[in-house]
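Before any comments, here is the structure.
The values are calculated or read from the model by the stated rules, or taken from the named source; none is laboratory data. What you are looking at is a predicted structure, and each value in this text was computed from that prediction instead of being measured. Here the Cβ positions follow ideal geometry from the backbone for every residue, glycine too, while neighbour counts run over all protein chains shown. Ligands, DNA and RNA are excluded from the accessible area calculation, which covers all protein heavy atoms including side chains. Shrake-Rupley method; radii C 1.70, N 1.55, O 1.52, S 1.80 Å.
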Amino acid sequence: MSKEIPNHRSTDVSVGAFTFRDDKALERNEMTDRVRIFDTTLRDGEQSPGFSMNIDEKIRMASQLARLGVDIIEAGFPIASPGDFEAVRRIATEVKGPIIAGLARITEKDIDRAADAVAPAERRRIHTFSSGSDIHLEHMLRISRDENLRRSVKAVVHARSRVDDVEYSAQDTTRSDRDYLVDLYTAVAEAGALTLNIPDTVGYTMPHEYEELIRYIVERVKVPGVIFSVHCHNDLGLAVANSLAAVRAGARQVECTINGIGERAGNCSLEEIAMALRVHSKATGIDTGIVSTEIYNTSRLLTSITGVPVQPNKAIVGDNAFAHESGIHQDGVLKARATYEIMTPESVGRSSHKMVLGKHSGKHALQDRLKAMGFEPSEVQLNTVFENFKLLADKKKEVFDEDLVALMADESESVEVGDDWKLVSYSVLSGSTSAPEATVILVRDSQPPVTGKASGDGPVDAVLKAIRDLTGKTIDIDTYQLKAITGGTDAQGEVAVSARLGGRTLTGQGRSTDIIEASAKAYLALIRRVSANNMTDLVMKSEP
Ligand code: KIV
Ligand code: ZN
């Protein structure tokens, strides 16, 4: 990076062998070169298949993003549906700290809807977008470049009449005419847009080319005070590299998502860009305000809400990201961690001493640990989680942080309002020559328990068939995923079952040390989710 950077600043803090920028100093804006983190997990991420969340889940995610220290939360696209509007409005009401942004096309109707949704926020933003490329203008929007510029300016003026903070994006900039982009961004900045976002919508560009594009625009759009932003998709696996290249060229806002979720191949991953900037911050003088120790919790929260795991070798948050398998590496790390570690697991919130609690631990110890992990359960929630913790500790010798995250996820899922069937017990009779026969007992609200029997192609299939008969709900499952939450043969299994209904993918999850029970719970959670989303009519009825 071109700037002269001093090697050490008084705001640096040391963690083990590593030196990091002090987050508090960043908050106080003591560092000149701060990259703002604009999180779009709840908008670009949530709109991709398999990642839809209900309102309560969005609030939990947004609250965690606030703890993570993101600067802006793009909470949704309010015009898209009443549910999206409500989610943005509730986040704007309940989540304090970050700026809350709502997305809007360049129409008055969209902008008014976004303005109403973000109105309760202490700090609010409207993010309005059009397109920059001829491909988009001709085939999608069917307007000329001039007309696009005129409408974009009008939209920004209108948005500024509703809020002080307006961001403007032209989609597909990496396939657009550069000089047209300069004219377009200059016009919207003069009309009052404070942040100019230059997206690589189709994930087409390469780092050297994107750096040049951003520099070209930064050098020519001479409107004082604007911040240049980037938003990269990962179609060629280059979203993080491209975003870093853009920062070299002067971008000071990066749009990104937790675990890199988003349209198609996803967006720039927040944890990767934030740690790339942090690890190199000493040399570059550029950093973010991300509280890096909250990264792992945030990633886990997203996977537990959506049921979509990250790949084991995913940078920063994957299971193997800090695992040293080869003898030479292990030997080196034991002698000095810095031999093979460029950052500590602790710096991203992953603890190396993992066992936290056991069956003799009390409620206070549980509460303390949950608090340290960023959870603040209510008294009622804590009581339920404590009961479930005791049951789990009876089955498992060691209860790990990951188990606690799963218990908290169970608790918050159980409060979702929907068709509330619960598993009382099940048994399966199976032999090597006969099909397994399951007996399942379920209960719903305060009604008497019901018992059903079915056989199937395996114990899980038999149990799910019995549940389908008892509940009268046959949901076609598209994906069934099983993951061990921790290591060891007594680990809890986490099952996620997903179904595609009415153009949306809904997921139900269940956890237990017994994977058949986890599967049954996941299917019941899916039934609950389908009814909570008023989609029961889309489900095939089976004869009870
Ligand atoms: O990818 C994209 O261009 C977008 C815009 C709405 C910023 O998501
Ligand atoms: Zn996008």
**OP:** Over all directions, average the projected area of the Cα convex hull of segment 34-306 and note it in nm².
**Re:** 12.6
Original post:
Which is farthest toward the positive dipole end of segment 393-522 among PRO448, SER434, ILE477, measuring Cα position about the Cα centre, with Cβ charges +1 (Lys, Arg) and -1 (Asp, Glu)?
Top reply: SER434
Subject >> Accessible carbon and sulfur surface of segment 417-541 relative to its total accessible area, %, 1.4 Å >> reply: 52
Original post:
For segment 66-82, in order, what is each residue's ³J(HN,Hα) by Karplus, 6.51 cos²θ - 1.76 cosθ + 1.60 with θ = phi - 60°, in whole Hz (x at glycine and Pro)?
Top reply: 5, 5, 5, x, 5, 7, 9, 10, 7, 7, x, 10, x, 6, 4, 6, x
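Taking only the C-alpha atoms, wrap a convex hull around segment 417-541 and report its volume per residue in Å³ as a whole number.
Value for segment 417-541: 111 Å³ per residue.
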Original post:
To the nearest 500 deg cm²/dmol, what mean residue ellipticity at 222 nm is calculated for the chain from DSSP H runs of n ≥ 4 alone, each contributing -39,500 (n - 2.57), summed and divided by the residues?
Top reply: -11500 deg cm²/dmol
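Given the chain, what whole percent of its Cα pairs are spread farther than 39 Å? Numbers along the way, then the final one.
Working: 46284 of 147696 pairs.
Within the chain, distances greater than 39 Å cover 31 percent of Cα pairs.
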**OP:** Name the long-range amide H neighbours of VAL230: under 5 Å, sequence gap of 5 or more, or other chain; modelled H, no Pro or chain starts.
**Re:** ILE198, GLN253, VAL254, GLU255
Original post:
Which longest uninterrupted range of the chain lacks any trypsin sites (Lys or Arg not before Pro) assigned by DSSP to a loop state (not H, G, I, E or B) and surrounded by at most 16 other Cβ atoms within 10 Å?
Top reply: 398-544
Original post:
Expressed as a fraction of 2.2 N^0.38 Å, the rule-of-thumb size for a compact globular protein of N residues, what is the C-alpha radius of gyration of segment 355-455?
Top reply: 1.36
Original post:
With Cβ to Cβ distances under 12 Å as the rule, what net charge do the other residues near LEU236 carry (K, R +1; D, E -1)?
Top reply: -2
Original post:
So what J values fall out for segment 453-464 if you push phi through Karplus, 6.51 cos²θ - 1.76 cosθ + 1.60 with θ = phi - 60°, rounded to Hz, Gly and Pro as x?
Top reply: 10, 7, 10, x, 7, x, x, 5, 4, 4, 5, 5
Original post:
In debye, nearest 20: dipole of segment 132-254 around its Cα centre with unit charges on the Cβ of K, R (+) and D, E (-)?
Top reply: 340
Subject >> Where segment 34-306 is the region considered: accessible area per residue in Å², 1.4 Å probe >> reply: 34
Subject >> Residue range of the chain that is longest and free of GluC sites (Glu not before Pro) which are both DSSP loop and sparsely packed (at most 13 other C-beta within 10 Å) >> reply: 326-544
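Provide the per residue accessible area, probe 1.4 Å, for segment 356-456, rounded to a whole number of square angstrom.
I get 55 Å² per residue for this part.
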Original post:
Counting only pairs 8 or more places apart or on different chains, how many lysine pairs in segment 34-306 have C-alpha atoms closer than 27 Å?
Top reply: 5
Original post:
Cα convex hull of segment 353-413: mean projected area in nm², to one decimal?
Top reply: 3.7
**OP:** Working from the alpha-carbon coordinates of segment 173-255, get Rg over Rh, Rh being the Kirkwood radius.
**Re:** 0.94
Subject >> Candidate lysines - alpha carbon under 28 Å from LYS397, same-chain residues fewer than 8 apart omitted >> reply: LYS354, LYS359, LYS363, LYS371, LYS422, LYS483, LYS521
Original post:
Quick one: putting +1 on the C-beta of Lys and Arg, -1 on the C-beta of Asp and Glu, what dipole do you get for segment 232-342 around its Cα centre, in Debye to the nearest 20?
Top reply: 260
Original post:
Going by alpha carbons, how many degrees (0 to 90, nearest 10) lie between the helix axis of 145-162 and the longest principal axis of the chain?
Top reply: 70
Subject >> When segment 54-132 is reduced to its Cα atoms, the Kirkwood hydrodynamic radius in Å >> reply: 12.1
Original post:
Carbon and sulfur atoms: what percent of the 1.4 Å accessible area of segment 70-169 do they account for?
Top reply: 49
